[in-house]
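The values are calculated or read from the model by the stated rules, or taken from the named source; none is laboratory data. These figures come from a predicted structure and were not determined experimentally. Cβ sites come from the backbone with ideal geometry, for glycine too, and all protein chains shown count toward neighbours. For accessibility, only protein heavy atoms count, side chains too; no ligands or nucleic acids. Shrake-Rupley method; radii C 1.70, N 1.55, O 1.52, S 1.80 Å.
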Amino acid sequence: MRTRQFDILQCGALFFALLPYFAQSAPTTQQQIESHSRQAAEYLKENRPDLAASEFRAIIALDPNNVDARGNLGTVLFFQGAYADAIPQLRAALKLRPTLWKTQVLLGIGEKRTGDIGAARSDLEKAFPKVQEQKIRIEAGMELIGIYSGTGDLDKAAETASVL
């Protein structure tokens, strides 16, 4: 009888020792997003944009309205030269947060490089006066000058050049 009680006690102790492992639930969506974000940042730090892009896609699958993941994925794709793939991500980020001026510049440049000159002009004209970072401002201005020159709007090209 004593052995049976001892066995029951051992089983009970084992049950309570293992209970925390059984009680643990799957990570929350927010925890998963944070994990993917950390991993994406690490991949970018290691100059591995393809792997970072996969992490941003995983975040978007969990939260389609994650503006940072959309913007970052669009930026990674843009700098890989995948403009057609970058454009929807950049547009989605802008729709979620319309004041992302650098993102709008990238969108405009991507649109220009894919032949959508009207959309490129609109996005670049909207972002150009708002961009504070000089390097990006110059790039946006140069793209606008190219668009204006290509359409024969030389006054606007000269005006933009004078602002630069």
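Taking every pair of distinct Cα atoms and averaging 1/r, then inverting, what Kirkwood hydrodynamic radius in Å comes out for the range 18-109?
Kirkwood hydrodynamic radius for the range 18-109: 13.9 Å.
Could you please tell me the mean projected area of the C-alpha convex hull for the range 72-164, averaged over all directions and given in square nanometres to one decimal?
Hull-based average projected area comes out at 5.3 nm².
List the trypsin sites (Lys or Arg not before Pro) within the range 117-164 that DSSP assigns to loop and that have no more than 16 neighbouring Cβ atoms inside 10 Å. List each step's numbers first, then the result.
On the way: sites: Arg121, Lys126, Lys130, Lys135, Arg137, Lys156; in loops: Lys130.
Within the range 117-164, the qualifying trypsin sites (Lys or Arg not before Pro) (loop, at most 16 other Cβ atoms within 10 Å) are Lys130.
Could you give the length gained by full extension between Arg38 and Gln80, i.e. 0.36 nm per residue of separation minus their alpha carbon distance, to one decimal place?
Values: separation 42, 0.36 × 42 = 15.12 nm, distance 2.11 nm.
Full extension of this stretch gives 13.0 nm more.
Got a sec? What order do Asp50, Asp155 fall in by accessible area at 1.4 Å, biggest, i.e. largest, first?
Final ranking, largest accessible area leading: Asp155, Asp50.
Just want to confirm a number: the relative contact order over the range 103-164, from Cα pairs under 8 angstrom separated by 6+ residues, in percent.
Normalised by residue count, the contact order of the range 103-164 is 26 percent.
Hand me the GluC sites (Glu not before Pro) from the range 41-70 located in a DSSP loop with no more than 13 other Cβ atoms within 10 Å, in residue order please.
Passing both the DSSP loop test and the Cβ count: Glu46.
With r defined as the distance between the Cβ atoms of Asp50 and Ala161 and R0 fixed at 41 Å, what FRET efficiency is calculated, to the nearest 0.05?
FRET efficiency, Asp50 to Ala161: 0.65.
Please compare each pair in Lys95/Lys156; Lys45/Lys95; Lys95/Lys126; Lys126/Lys156; Lys95/Lys135 to a cut-off of 21 Å on the Cα-Cα distance and tell me which ones are over it.
As for pairs spanning more than 21 Å Cα to Cα, those are Lys95/Lys156; Lys45/Lys95; Lys95/Lys135.
Sum up the charges of everything whose Cβ sits under 14 Å from the Cβ of Gly108, counting Lys and Arg as +1 and Asp and Glu as -1, but leave Gly108 out.
+2
For Thr29, what accessible area in Å² do you get when you roll a 1.4 Å probe over the heavy atoms of the protein chains, rounding to the nearest 10?
Rounded to the nearest 10, that gives 70 Å².
Just add up the charged neighbours of Glu42: K/R +1, D/E -1, any other residue whose Cβ is under 10 Å from the Cβ of Glu42.
+1
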